[in-house]
Structure formats: C-alpha cells, structure tokens
Amino acid sequence: MKIHKVLVTICSFISLIAVFTLSGSAVVESAELNEPIQPLKPRQDLNLEKVNLGKLLFNDKRLSGDNSISCASCHDINKGGVDQLPVSKGVGDASGLINTPTVLNSSLNFRQFWDGRASSLEEQIDGPIHMKHEMNTDWPSILNKLKQDQSYVDSFNKVYKNGLQADNIKDVISEYERSLITPSRFDRYLQGQKDAITENEIKGYELFKRYGCVACHQGVNIGGNMYQLFGVMGDYFKDRGNINDSDLGHFNVSKNEQDRHKFKVPSLRNIALTAPYFHDGSAKTLRDAVKIMAKYQLGRTMPEKDEELIIQFLQSLSGELPAQAKGEKQ
Ligand code: HEC
Ligand code: HEC
C-alpha cells in the first residue's frame, strides 16, 4: 500500500513537471512570434525530380556561350553561394559591374537582384544568360546544345508534356534554388533551444536589435523584404567617390528620384561566408561592413566590444544545406 502511494505521488509529480514544461514551451512559442526574425524551415513541398534536374543545369557550363561557366561558377553552393570576389567574372574573364549575392535562401527575398529588377527566380535567370559579361548566350543556342544530350531530353519529357523548353529549364533551376534553404543554430535558438547559441551570440543578437539593425534586416531571411537607402545618416556614395550606374540601385528600375541609391536590404544568413560585402564589394571583412552600417545607416560609432558581439551573432547565421542540394564545384 505504502509503495503504491509513493508511486502515485511520484507519478503526479512527474505529470506536474510535464505540465510545467508544456506550458513553458507554449510561452517560448509565443515569444518566438514576437521576435523580429522568424526561424527558417526547409521546404517540404518541392518536386524532387525537378530539384535534381535543376541542380544538374545549375552546374552545367553549356548554359554559357563558350561552355566555360555555369551558374555555380559564380554561385558556389559550397562557398556560401557566392564567388567571394568584389565583382563577378563571366565568360572570357569579363569583369562584372556588381558583387555576386548568394543564391542560398534567395527564394525568400521579395524581389531578386540588388536593385530588385526581377520579381521571381524564373525571371531572374534571363539576366545572367544574356549578359555579355556573365554567360553571354541566348535560349535558342542553349536549347540547340542541350537537345543533343539524350539524358536531358528524356528527363524533361518525363516531367513536362512539352519537354525540353526554356521555360521548363527556368522552372527546374528555380525549384533547385527553392531547395537551398539553410537553417542554422540561431533558428534552433528561436525555436526555443536556448543553448543552441553561445551567451556572446545572444548578447550580439540583443545588440543587433537594440542598435536598430533589425529595422532593416528582419523577417525570416533577416533581410530581403524591403528597399532601403544606402546612406541614411551620411552620404556613402560621395565619401566613396566614382559613382557608376550600379550605385543608383532601385532608381534604375523605377526612374523615381526618391529611389536613387536604394537597394534591396540583403539577407544576413550565411553572411560570415560571403565576403567581400556590399553591392560594390568594397568591404573586405564583416568588421568593415558592420562599421560602415553603424556609421551610414545608424549614425553611430560602435564600441569595439559591441562590434565584436554583433559579429559573433552574425556568425551563428551560417546554416546547413539539405543533403540533396549540395553542389559540385565547376
Ligand atoms: C558571371 C557570374 C554569374 C553567373 C554565371 C550567374 N550569376 Fe547569378 N548573379 C551574379 C551577380 C553579379 C548578381 C547580382 C546582379 C545584380 O544584382 O545586378 C547575381 C544575382 C543572382 C540572383 C539574385 C539573388 C538576390 O538575392 O538578389 C540569383 C537568384 C542568381 N543570380 C541566380 C543565378 C542563376 C540561376 C544563374 C545561372 C543561370 C546565375 N545566377 C549565373 C553573378 C552570376
Ligand atoms: C536603414 C536600413 C539598414 C540598417 C539600419 C542596417 N542595414 Fe545593413 N544593409 C542595408 C542595406 C540597404 C544594405 C545593402 C547596401 C549595399 O550594398 O548597397 C545593407 C548591407 C549590410 C551588410 C552586407 C551584406 C552583403 O551581403 O554584402 C551587412 C553585413 C549588414 N548590412 C549588417 C548590418 C548591421 C550589423 C547593422 C546594424 C549595425 C545594419 N546592417 C543596419 C540596410 C540597413
């Protein structure tokens, strides 16, 4: 009898703990909703046949005029989805005009390109294909080459009624890009696992919010959901000099004077992997980029200690690629 009573007491004690833990996690969930950054979750609804076909094409050099470069040449999936150059290099080593942004998580951005001129991933692809200093080709030439490859012809016939077509190539490449989602330790922290990031990284996140970085770099992609002026609190472009067309930002798209030097706020996911920084590739290190942001976007000089903590927070945003998405270096 006594043993039974003890067991009952232990049992009710355990269920009490369970209730507390449950209500505890409910509190965490609602706190998560109040955060300006939401956790990243991999897409579960993708067509894997398309993803795999898209991965092949993303790595296929026949998508360039002289068969020398692929999408992956500039967007190396194993290097944060970038080329790590100040400005890109296309066919014949032609120098580009602007820094290569990452393709990782780019499906979450409200528009594509620094100036937001493409409204979808599908539309974005026409850019590099036709640019002289990028892939320098056109769809008829690409289709000519790829139609000689029986395995592509067969695979596209399997997935699409109208087989190998430019629109279907864009569709599979975009589906592959939608698979490039990289949850990180920070996302586990947002989901309630308080020890997923270090105490310094938590302090860095608090500072990121307190200084106001989060007014622009926010949402699930920690950026990518609005345009903002580069140089809110100081004239970045006058101080840097040598202004060119790529510096005009969204003005190039809208021709509206108020959009001059406005850019899509870039995502800060995987930011520790994608130096150099800014559309002009002018900031060599994350520290340089944070200093410039504090000065020109917030009008602040940051103590080195705060700068260091924010950098540590930014490093916690390097994520993991899903297994099927990993790219081959071209
Ligand atoms: C020669 C290097 C180069 C090649 C090749 C290249 N890109 Fe890019 N990519 C860039 C540069 C540079 C930009 C930014 C251009 C701009 O914003 O004006 C960019 C932008 C993008 C973006 C927009 C990301 C964002 O957040 O705005 C996506 C997506 C993308 N490229 C995918 C591709 C795909 C798919 C291919 C192959 C069909 C490709 N790229 C080929 C250099 C390249
Ligand atoms: C008023 C909006 C705004 C605020 C506030 C802001 N940023 Fe930015 N951030 C931008 C824009 C716009 C860019 C793109 C600038 C460009 O290259 O044209 C950018 C770029 C960056 C980049 C480089 C991204 C890349 O891919 O090259 C980093 C890193 C960055 N911001 C970090 C921060 C940090 C840290 C803070 C707070 C100290 C901050 N930002 C505050 C708007 C903002």
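The helices (runs of 4 or more DSSP H) located wholly in the stretch 223-301 that include 2 or more residues which are within 16 Å of ligand 1 (Cβ to nearest atom) occupy 251-254. Against the list (1) modelled with pLDDT of 95 or more; (2) under 29 Å from L229 (Cβ atoms); (3) open to solvent by less than 30 Å² (accessible area, probe 1.4 Å), the condition L146 fails is (2). Considering the stretch 75-101, and only residues there that are within 20 Å of N221 (Cβ to Cβ) and near ligand 1 (Cβ under 7 Å from one of its atoms), the residue that is surrounded by the fewest Cβ atoms within 10 Å (Cβ to Cβ) turns out to be I98. Given the structure, is V159 open to solvent by 20 Å² or more (accessible area, probe 1.4 Å), away from ligand 2 (no atom under 16 Å from the Cβ) and within 16 Å of the chain's Cα centre (by Cα)? No; evaluated as a whole, the condition is false for this residue. Looking at P86, P128, just one residue is within 14 Å of ligand 2 (Cβ to nearest atom) and either more than 20 Å from A289 (Cβ to Cβ) or not assigned by TED's automatic domain parsing to the domain that holds D259 (or both), and that residue is P86. Residues considered: E257, E201, E175. Of these, the only one that is more than 15 Å from ligand 2 (Cβ to nearest atom) and either surrounded by 18 or more Cβ atoms within 10 Å (Cβ to Cβ) or not charged (D, E, K, R) (or both) is E175. Counting only helices (runs of 4 or more DSSP H) wholly contained in the stretch 113-193, the ones carrying 2 or more residues that are within 29 Å of E320 (Cβ to Cβ) and in contact with a Pro (Cβ under 8 Å, 6 or more places away or on another chain) occupy 185-190.
Inspect the stretch 279-292 for any residue being on the phi > 0 side of the Ramachandran plot, within 10 Å of ligand 2 (Cβ to nearest atom) and within 19 Å of the chain's Cα centre (by Cα) and give the result as yes or no. The answer is yes; a qualifying residue exists.
This table checks each residue for (1) among the β-branched types (V, I, T); (2) touching a Leu at 6+ places or on another chain (Cβ under 6 Å).
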{"residue": "D149", "(1), (2)": "no, no"}
{"residue": "V153", "(1), (2)": "yes, yes"}
{"residue": "S179", "(1), (2)": "no, yes"}
{"residue": "P183", "(1), (2)": "no, yes"}
{"residue": "L190", "(1), (2)": "no, no"}
{"residue": "K194", "(1), (2)": "no, no"}
{"residue": "I197", "(1), (2)": "yes, no"}
{"residue": "I202", "(1), (2)": "yes, no"}
{"residue": "K209", "(1), (2)": "no, no"}
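When the stretch 74-94 is filtered for residues that are outside any loop (DSSP other than H, G, I, E, B) and farther than 12 Å from M135 by Cα, the ones remaining, listed by number, are D76, I77, N78, K79, V82. Within the stretch 103-112, the set of residues being assigned to a loop (DSSP other than H, G, I, E, B), open to solvent by 30 Å² or more (accessible area, probe 1.4 Å) and of a type in the set (A, V, I, L, M, F, W, C) comprises just one member, F110.
The values are calculated or read from the model by the stated rules, or taken from the named source; none is laboratory data. Just so it is clear, the structure is predicted and the values come from calculations on it, not from any experiment. Cβ atoms come from the backbone with ideal geometry, glycine included; neighbour counts cover every protein chain shown. When the accessible area is computed, the model is the full protein with side chains, heavy atoms only, and any ligands, DNA or RNA have been set aside. Shrake-Rupley method; radii C 1.70, N 1.55, O 1.52, S 1.80 Å.
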